[in-house]
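Colleague: Have a look at the structure that comes next, please.
We did not get these values from a lab; they are worked out from the coordinates using the rules stated. A quick note: this is a predicted structure, and the numbers were derived from the prediction, not measured. Don't worry about glycine lacking a Cβ; one is built from the backbone with ideal geometry, like all the others, and counts go over all protein chains shown.
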Amino acid sequence: MKISVTVNGEKRDNEVEPRLLLVHYLRDVLALTGTNVGCDTSSCGACTILLEGQSVKSCTVLAAQADGATITTIEGLAGPDRMHPVQEAFREHHGLQCGYCTPGMVMAAVSLIEEVPDLDEAKVREGLEGNLCRCTGYHNIVKAVLAAAKTPARSAS
Amino acid sequence: MIPAAFDYQRPASVDEAIRLLTDSGDEAKILAGGHSLLPLMKLRLAAPSLLIDIGRLRDLSYITDAGDHIAIGALTRHHEVETSSVLRAQVPLLAHATSQVGDPQVRHRGTIGGSLAHGDPASDLPAVCLALGATFTAAGPGGSRQIPADDFFQGFLETALEPNEVLVEISVPKVPDAGWSFQKFNRRAQDWAIVGVAAVHNGSTGVALVNMASTPVRASSVESAIAGGASAGEAAAHASDGLDPPADLNASTEYRRHLAEVLVRRALQEAGVA
């Protein structure tokens, strides 16, 4: 079937099999490999992207379901000159160790900051319950998200 | 993991979805948010030959104050239920329990109707609907019919929906002043409940259990003990009466019985049962 999606601001039209998962569409068809596959069972959150601005696990969405939608992946966050505030905060606060969970953590955090205006540590921890870090580097991830939440929102692109 | 191949249709209306279901016998499955069905399909535990994607029928996404009850469209996403000011005020048990489903990403996609129609005994919302005495509306070729929650869950992943019926609405009674509690015991934040309890105390008391049988189940013995004047502790001793809870990697049958008693007692106390 034919799908048409807008990914990181760019319109993409592709012929896909109905069973193609969104994460495989992004990685294998569009070559956007920043989105990782972790557990592949909608537990770990490594494949988190924004679908119509909301965080979703792209291993549990069909590409067909995303037809017509606007998608943002980790590649689409940074502007031409600088990183997105959440990315900057992860660097500043050392919010990553091996980095595998990081794209999903960052996308989940962007959605969380957008959704919850008065984030505190408890809310960040609860809001990131769908993202697992095997390095257990949660403390600095939470610090980074709290710092980013205080950064005035600005368009990165 | 990749699901087995299937055909994909995106009907423009519930009627068209029903026609597609009728034409394809029991080989088709309705796809809403996909967060119950797609994981099963990826594990090849389900392999429907046709997916009927109703996810875009946005007229099935609403939360409406309808007098003595709140009407919720089957395609209303968990995120909309948990953040609904109407539900938080009128049916706080449902709004709160929904905020405990999965994680934020799952709640952005999953729908209340999809979760209920899946009929999973480990899901949170079926027990909540039992405790609240919700009513479900199913649409089929001959029109629509009402199904009380008590008659809906019939077997493991099996509901009263006919193969060519679609769950379209969930109606929950308003209980703004009732005592209520939702107890969910799990090892990791986003996991299914090992055992869960939904309780609402509003003159009479409704109590239902998550993951204590092959279906979501009402704790009838607990309810009748309270009606007979038992205390929360006394009533909780009947939590697993007549039930044969499953054993799995997370818990033995005996451990589930113990958990059910502890969690029912906590739920009753939190809901205001003396």
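Colleague: With Kirkwood's inverse mean 1/r over C-alpha pairs for Rh, give me the Rg to Rh ratio of the protein assembly as shown, two decimals please.
Modeller: So for the protein assembly as shown, dividing Rg by the Kirkwood Rh gives 0.98.
Colleague: Could you give the spread of the C-alpha atoms of chain A along their three principal axes, from largest to smallest, in whole angstroms?
Modeller: Largest first, chain A extends 44, 31, 25 Å along its Cα principal axes.
Colleague: Before anything else, pin down the relative contact order of the stretch A:2-76: Cα pairs under 8 Å, at least 6 apart, normalised by residue count, whole percent.
Modeller: 41 percent
Colleague: Computed from the mean reciprocal separation of all distinct C-alpha pairs, what Kirkwood hydrodynamic radius does chain B have, in Å?
Modeller: About 18.9 Å, per the Kirkwood formula over Cα pairs.
Colleague: Right, something else. All other residues with a Cβ under 14 Å from the Cβ of B:Met1 taken together, and with Lys, Arg as +1 and Asp, Glu as -1, what is their net charge?
Modeller: Spelling it out: positives minus negatives among the neighbours equals +3.
Colleague: Ok, one more. Counting Lys +1, Arg +1, Asp -1, Glu -1, what net charge surrounds B:Ser99 among other residues with beta carbon under 14 Å of its beta carbon?
Modeller: Counting the neighbours of B:Ser99, the net charge comes to -2.
Colleague: With a bin width of 5 angstrom, please list the P(r) values of the stretch A:85-150 as percents of all Cα-Cα pairs, from the 0 bin to the one holding the largest distance.
Modeller: 4, 21, 36, 28, 10, 1
Colleague: From Cα pairs below 8 angstrom and at least 6 apart in sequence, can you work out the relative contact order of chain B, rounded to a whole percent?
Modeller: In percent, rounded to a whole number, it is 16.
Colleague: Then there's this: Work from the charge dipole of the protein assembly as shown (Cβ charges, +1 for Lys and Arg, -1 for Asp and Glu, about the Cα centre) and give the residue of B:Leu94, B:Pro141, A:Leu146 farthest towards its positive end.
Modeller: Going by the Cα projections, it comes out as A:Leu146.
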